[in-house]
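Read-outs throughout are calculated quantities, based only on the coordinates presented, and are distinct from any laboratory measurement. Given the structure is predicted, the values throughout are model-derived calculations rather than measurements. Glycine also receives a Cβ, built like all others from the backbone with ideal geometry; neighbour counts cover every protein chain displayed.
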Amino acid sequence: MGYMSALDDFKKIDVLASGSVDFPTADLKIRTLNFHSNKVERFRLPNHPDVLVSSCWENEVLSDFDDININFSYPVFLPEGEKRYDKVIVLLHGLNERTWMKYMPWANELARSTKSAVLLFPISYHMNRAPKEWADPRVMLAVLNSGHLRYDKANSTSFVNVALSQRLLSDPLRFFTSGYQSANDLANLLEEIKMGKVSYISPNAQVDFFAYSIGAFLSQILFIANPNDIVSNSRLFMFCGGAFFNEMNGVSKMIMDEPSFSKIFNYYNDEFEKESARQTRLGLFIKDNRFAMAFRSMLNMNRLKDFRCDMLSKFKGQVYAISLLKDKVISPTGVSSFFRSIGSKNIEMVDFTFPHSHEQPFPIIGKPTISDAVDGGFKHVFRRAACFLG
């Protein structure tokens, strides 16, 4: 089945709403499993306001919703039906994603070609871990047009990115705390697998990762921290990801606007590291916490370089990346910098013949004349992934 035809089939499915999906013409089954995230400690910047914007309504819409973020479900693809799997791939998505739709064919292909269970795990405050209003064009257009918000006059602000943009603009620490919670969630997920607490997955299962965009950044942090050697035997395949933070450009109508990206870029490349030298609650945490140290080491190539390289030295052959030459969000040169820093050549540069972007490497809407080319590009990436992870 090609990418475009698979996408058409999955458009008819709302797996999170139904809870389970069976396919009459295949052994594939999709189930949803529940997860409880440990609430993470919140930090405040000095002189940080307690509200996001001047309007109480907007503040309510864009605030943190702990219940949704802490208790959630995630889909699992079972290529050979309901049984215990000895291999599992955790699929991680990109920044500002609100629906699993584009990833359904990805998970299906990985499951089919590797005979592994594939878990689609949501990052903190993304997908179904975020309020539905953040993905509602009507609500977000109302926020965008309210007149209370700081936005980009060069038009990088959109109803798609306004929720994330305003939340990061108001509190840039959300980028770190959300990532920390997500990394902690993944470590706990792997521990639950080892204890036999995850349905359909063997306690001794080989757990690998397919990570896209910011999901790759999250995976790198997990592999560097490697709490309790939880990923020592895991493999990581990165697609459109793998660069250091200072070599990323998140400005996109699909991701975040220019003011919010400038805010977090400047904060994490300067003030965040200075904070680690202060005797504040945040400073002590980011200085000593293993995930925080891993995060800091991925902000630029020279930060905590010895720590990062020492932790990743044993993973050289366990990490692979495909980078797109036309990627303007996570540049191929940035990904190359990471692989050079760990002495690995496991990186491939690809230039698709069809129109594409970081946000849509495989266009979900396009002319029928390019469908064969899109299918070919899709097969190339996922054959490489299956070969590496299979």
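Relative contact order, whole percent, for the chain stands at 17, derived from Cα pairs under 8 Å and 6 or more residues apart. With helices as the sole contributors, the chain gives -11000 deg cm²/dmol at 222 nm; each DSSP H run of n ≥ 4 counts as -39500 (n - 2.57), and the sum is divided by every residue. Taking only alpha carbon atoms, the range 265-350 gives an Rg to Rh ratio of 1.04, where Rh is the Kirkwood radius. What the Cβ-Cβ distance of D136 and T280 gives, at R0 = 51 Å and to the nearest 0.05, is a FRET efficiency of 0.85. For the range 150-225 versus the range 88-107, the spacing of their alpha-carbon centroids is 11 Å. Across the chain, the longest run free of exposed loop sites, meaning GluC sites (Glu not before Pro) lying outside DSSP classes H, G, I, E and B with no more than 15 other Cβ atoms within 10 Å, spans 83-390.
Within the shell defined by Cβ-Cβ distances under 13 Å, the residues around T114 carry a net charge of +2, with Lys and Arg each +1 and Asp and Glu each -1. Full extension of the segment from D9 to R290, taken as 0.36 nm per residue of separation minus the current Cα-Cα distance, would add 96.9 nm.
Taking 35 Å as R0, compute the FRET efficiency from the Cβ-Cβ separation of N155 and A17 and round it to 0.05. Efficiency for this residue pair is about 0.55. Loop-located chymotrypsin sites (Phe, Trp or Tyr not before Pro) across the range 239-314 with a Cβ neighbour count of 13 or fewer within 10 Å are lacking, with loop assigned by DSSP.
Checked against a 18 Å cut-off, the cross-linked pairs K314/K345; K115/K314; K83/K197; K87/K197; K83/K194; K29/K115 give Cα-Cα distances beyond that limit for K115/K314. With a simple spin-label model that places each label point 7 Å from the Cα along the Cα-to-Cβ direction, the separation between S341 and K83 comes to 4.2 nm.
For the chain, the fraction of C-alpha pairs farther apart than 38 angstrom is 15 percent. Quick one: in the range 111-205, what % of C-alpha pairs are over 21 Å apart? Considering the range 111-205, 52 percent of its Cα-Cα pairs are separated by more than 21 Å. The distance between label points at K316 and M101 comes to 4.4 nm (points 7 Å beyond Cα on the Cα→Cβ vector).
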